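In what follows, a structure is listed as structure tokens, so that the remarks can point back to it.
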Amino acid sequence: MPSWQASAMKAYMRFNRWRNPPAETLDVAKMRAWFENSIDRLAPRLELEVEDIIAGGVPAEWLEVPGAAADRVVLYLHGGAYCIGSPATHRGLAASIAQAARARALVVDYRLAPEHPFPAAVEDAQAAYRWLLAEGVPPGRLALAGDSAGGGLLLALLASQRDAGQPLPAAGVCLSPWTDLAFSGQSWTTMAKRDLLLNRRTMGQMAQAYLGDTDPRTPLASPHYARLEGFPPLLIQVGSDEVLLSDAQAFAQKAEAAGVAIDLEIWEGMYHVWHIGSGMVPEARRAIDQAGAWLQQRVVEAQ
């Protein structure tokens, strides 16, 4: 049973959905402003140092947390359906994961749609990843993490690096990943009323803004359709009450069949990327702690 804090958060989301039903047309500017003003408030206020940098030509933030190993790095890719979000909105979440993993975090400010449709986000993730390798970060001390669209982008990055013959990181953590922009998952229907954050109309509009004329089954846009052989160990955490449940389950099944070491955690009663509320929701804190411990173990194994 969810904690009272998680139940209260769901009640707030239910009220917000009633007060602000899905719009007929996509207003990206309005959604970006809401995201920037709202999301990071849910994360804990951690002791950290923030440095703005350019990583392979891409704006990014270095996050330094106490106790981090100098040579252990988490490359973080934020969510927001490829249209909204930034390092600022996800600074608290990325720092919390970095702290749990005892690592530094590089949060990539990749280009967003509709101004910069696919494959701009993939290209920016590639550039930042290759910059880390060029800076001397050993692949065995490097991990990837991302939420929602950032989780899908993480998987696209792995596929592109493998196909290019580049060294792969030690591991990857996907939080409620969006892996299939063709919306083929059954939970888009079965969880439509229980998911209080995502809806098919708005996500369809944002997918179209990102894809443009690209086929939604293009592997680097929807990694569900990618070849997965050779991927490093992966952890997927997803809530039982979200429309992306099928995305996580189907991808995990395909990865396991391809020989990937994958751990799928379905958190009962949790909503989309509940991790963001780790400053208030105990399930969010536990999920992040578990992900951090998992990352530490995989980095050790990669040595």
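The values are calculated or read from the model by the stated rules, or taken from the named source; none is laboratory data. Being a predicted model, the structure only gives us computed values, none of them experimental. Neighbour counts run over all protein chains shown; Cβ positions are idealised from the backbone, glycine included. Please note that ligands, DNA and RNA were not included when accessible areas were found on the heavy atoms of the full protein model with its side chains. Shrake-Rupley method; radii C 1.70, N 1.55, O 1.52, S 1.80 Å.
Could you tell me whether V50 is on the phi < 0 side of the Ramachandran plot, surrounded by 23 or more Cβ atoms within 10 Å (Cβ to Cβ) and part of a strand (DSSP E or B)? Criteria not met by V50. Figure legend. Inter-residue proximity from the range 15-40: first residues closer than 18 Å to S148 by Cβ, second residues small (G, A, S) and part of a helix (DSSP H, G or I), beta-carbon distance below 7 Å, spacing 6+ or different chains. Indicated pairs: L26/A209; D40/G92. R217 versus (1) surrounded by fewer than 24 Cβ atoms within 10 Å (Cβ to Cβ); (2) within 18 Å of the chain's Cα centre (by Cα): which is the lone unmet condition? Every condition holds for R217 apart from (2). Here the range 222-254 is the region considered, the condition is being part of a helix (DSSP H, G or I) and aliphatic (A, V, I, L, M), and the residue that is surrounded by the fewest Cβ atoms within 10 Å (Cβ to Cβ) is A250.
Regarding A98, is this residue out of contact with any Pro (no Cβ under 8 Å at 6 or more places or on another chain), part of a helix (DSSP H, G or I) and either open to solvent by 10 Å² or more (accessible area, probe 1.4 Å) or among the basic types (K, R) (or both)? The answer is no for A98.
Out of Q161, Q126, Q208, Q186, one residue alone is free of Cβ contacts under 8 Å to residues at least 12 places away in the same chain and either surrounded by fewer than 17 Cβ atoms within 10 Å (Cβ to Cβ) or more than 17 Å from I262 (Cβ to Cβ) (or both). It is Q208.
Filtering the range 53-87 to residues that are assigned to a strand (DSSP E or B), closer than 19 Å to G150 by Cβ, of a type outside the set (F, W, Y) and open to solvent by 20 Å² or more (accessible area, probe 1.4 Å) leaves I53, P59.
Among the residues making up the range 266-288, those that are surrounded by 16 or more Cβ atoms within 10 Å (Cβ to Cβ) and among the charged types (D, E, K, R) are E283, R285.
Residues checked against (1) assigned to a loop (DSSP other than H, G, I, E, B); (2) touching a helix residue (DSSP H, G or I) at 6+ places or on another chain (Cβ under 7 Å); (3) modelled with pLDDT under 95; (4) not acidic (D, E):
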| site | (1), (2), (3), (4) |
| --- | --- |
| G146 | no, yes, no, yes |
| G165 | yes, no, no, yes |
| P169 | yes, yes, no, yes |
| V173 | no, yes, no, yes |
| L181 | yes, yes, no, yes |
| M203 | no, no, no, yes |
| M206 | no, no, no, yes |
| R217 | yes, yes, no, yes |
| L220 | yes, yes, no, yes |
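For A291, the conditions (1) open to solvent by 30 Å² or more (accessible area, probe 1.4 Å); (2) in a helix (DSSP H, G or I); (3) touching a residue at least 60 places away in the same chain (Cβ under 8 Å) all hold with the exception of (1).
Report, by residue number, each residue of the range 15-47 that is charged (D, E, K, R), farther than 28 Å from I97 by Cα, open to solvent by 80 Å² or more (accessible area, probe 1.4 Å) and part of a helix (DSSP H, G or I). Residues satisfying the conditions are R19, K30.
Within the range 164-183, the set of residues being of a type in the set (A, V, I, L, M), in contact with a Pro (Cβ under 9 Å, 6 or more places away or on another chain) and open to solvent by less than 20 Å² (accessible area, probe 1.4 Å) comprises A170, A171, L181.
Within the range 256-265, how many residues are among the acidic types (D, E) and open to solvent by less than 60 Å² (accessible area, probe 1.4 Å)? The total comes to 1. Whenever a residue of the range 61-87 is closer than 28 Å to P119 by Cα, its partners that are among the aromatic types (F, W, Y) and open to solvent by 10 Å² or more (accessible area, probe 1.4 Å), lying with C-beta atoms within less than 7 angstrom and at least six residues away or across chains, give the pairs G80/F35; I84/F35; G85/F35.
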